[in-house]
Amino acid sequence: MAISPLSLIRGIKYTSIDFGHSSIKYLNTRVKNNKFKLLASGRREIPTGTINDGKVVDTHLLTKIIEDIFNEKNMEPGVLMLTPASGQEFVRNIKMPKMPREELKEALIWEVQDFLDLEAEKIALDYIISNEKEDQYELLVTGISKDVLNGYLEIFETNMLKVKVFNLEDMALISLLSKKKKLENPSLILDVGASSSKILIAAKNKLFLSREVDTSGNNFSSLFLNEENNQEEAEIEKKKFKFFPDQAGEENLNLMLSDINTAETLQKKVKDLADEIIFEVNRSLEYYNERNSENTVDDIYLTGGGLLLNGLVDYFKEEIDNEIFVIDPLKEFQIKEKTNQINNHYLATAAGTIMSEVMHNES
């Protein structure tokens with residue numbers, strides 16, 4: 001990307017748009033001399049089904065939401081980047097024989113064709129060389145259907161906005177922690193999202209495991225739904241709730257199957273959901289550590305809006321043996337005191353996408 005003289009004086013503006021299945025998160029910043037100044041951030045909820053399994057379904061609604069975001073915040077996009085909702089992406093470690101770089105990308109497309117079940121010309125692909133040996137490349141490869149990609153690009157083109165960078169959630173989270181020097185050794189990243197939770201095991205420029213589990217923030221929210229309140233009111237009740245696992249009552253099948261929530265049964269239901277996530281984390285750790293006994297995972301990093309449930313992080317720290325850290329994606333950002341912010345838990349992917357592009361421009 002060409003850098004104008006004015007950009008060198010004022011810094012480069014970046015805007016990252018992170019699409020999820022239930023919300024859109026955005027982050028607008030100016031970067032100069034590797035210092036990040038927060039200009040705007042926010043989150044807009046979207047109706048269920050607007051994006052389905054990573055594919056854009058309601059282009060018209062998303063076009064209007066993106067228009068509103070830029071108008072309300074009076075944002076100038078600068079380098080505009082987007083991350084699609086999960087479901088259609090391809091991220092793998094692949095080994096390839098040494099060949100000229102101009103031939104490598106075409107060879108990789110044929111290599112990933114079977115995974116994506118697409119014709120070669122319909123695959124958008126990128127890669128990072130994580131290790132170069134005498135006769136072999138070790139690559140971290142990302143790919144997605146061009147049709148899926150075009151579904152997102154259309155939203156911005158209709159708003160006369162040009163997307164310059166397309167990133168994936170896995171790569172964004174890896175870049176965020178790599179920038180902070182947190183992935184020198186393999187670590188697990190748990191992103192408790194709204195519709196699913198993602199578990200990654202990664203080191204710098206290496207992805208060892210990526211999987212999604214169903215237990216998520218929406219599962220916790222559904223516990224607070226009843227005949228008297230709607231989804232929005234349930235979210236408010238969830239934010240007021242404090243999780244005390246030691247107050248979880250003994251399982252009473254009649255009460256658990258009824259619509260009546262006592263203090264004890266509600267604590268029990270929340271505990272059961274939290275235990276499902278812990279089970280999947282431990283399962284992922286066991287799978288990786290058994291195959292990499294010489295380089296096991298020590299640290300776990302948490303992010304995602306699901307962490308807003310009071311007491312959940314403390315419970316994870318009590319029940320999981322590994323050392324646990326909560327990601328602060330805006331720790332390096334300069335933030336004005338009066339700047340209106342959403343909770344940082346929502347912004348890890350958007351911040352990571354910006355970090356990834358900044359690191360790319362520095363290299």
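A few notes on this one:
- Among the residues making up region 176-202, those that are within 24 Å of residue 138 (Cβ to Cβ) and either at pLDDT below 90 or not in a strand (DSSP E or B) (or both) are 176, 177, 178, 179, 180, 181, 182, 183, 184, 185, 186.
- Among the residues making up region 23-53, a single one is more than 28 Å from residue 331 (Cα to Cα) and touching an Asp or Glu at 6+ places or on another chain (Cβ under 7 Å): 50.
- Within region 172-190, the residues that satisfy the criterion of being open to solvent by less than 20 Å² (accessible area, probe 1.4 Å) and touching a residue at least 24 places away in the same chain (Cβ under 8 Å) are 172, 173, 174, 175, 176, 177, 178, 186, 187, 188, 189, 190.
- Residue count, region 88-135 (criterion: open to solvent by less than 40 Å² (accessible area, probe 1.4 Å) and under 30 Å from residue 196 (Cα atoms)): 12
- Per-region count, region 261-287, residues open to solvent by less than 60 Å² (accessible area, probe 1.4 Å), farther than 16 Å from residue 237 by Cα and of a type in the set (Lys, Arg): 2
- Of the residues making up region 230-244, those that are open to solvent by less than 30 Å² (accessible area, probe 1.4 Å) and either at pLDDT 85 or above or not in a helix (DSSP H, G or I) (or both) are 238, 241, 243.
- Cβ-Cβ under 9 Å pairs, at least 6 apart or on other chains, region 198-215 side on the phi > 0 side of the Ramachandran plot, far side open to solvent by less than 20 Å² (accessible area, probe 1.4 Å) and among the aliphatic types (A, V, I, L, M): 205/140; 205/174; 205/183
- Inside region 278-313, residues that are outside any strand (DSSP E or B) and either small (Gly, Ala, Ser) or in contact (Cβ under 8 Å) with a residue 40 or more places away in the chain (or both) make up a count of 21.
- Pairs with Cβ under 9 Å, 6+ apart, first in region 78-106 and closer than 15 Å to residue 128 by Cα, second aromatic (Phe, Trp, Tyr) and assigned to a helix (DSSP H, G or I): 90/115; 92/115
- For region 319-333, the tally of residues that are more than 19 Å from residue 178 (Cα to Cα) and either without any contact (Cβ under 8 Å) to a residue 24 or more places away in the chain or polar (S, T, N, Q) (or both) stands at 2.
The values are calculated or read from the model by the stated rules, or taken from the named source; none is laboratory data. As the structure is a computational prediction, the values presented were derived from the model and not from experiment. We place every Cβ from the backbone using ideal geometry, glycine too, and count neighbours over all the protein chains shown. Accessible surface is based on the protein model in full, side chains and every heavy atom, while ligands, DNA and RNA are left aside. Shrake-Rupley method; radii C 1.70, N 1.55, O 1.52, S 1.80 Å.
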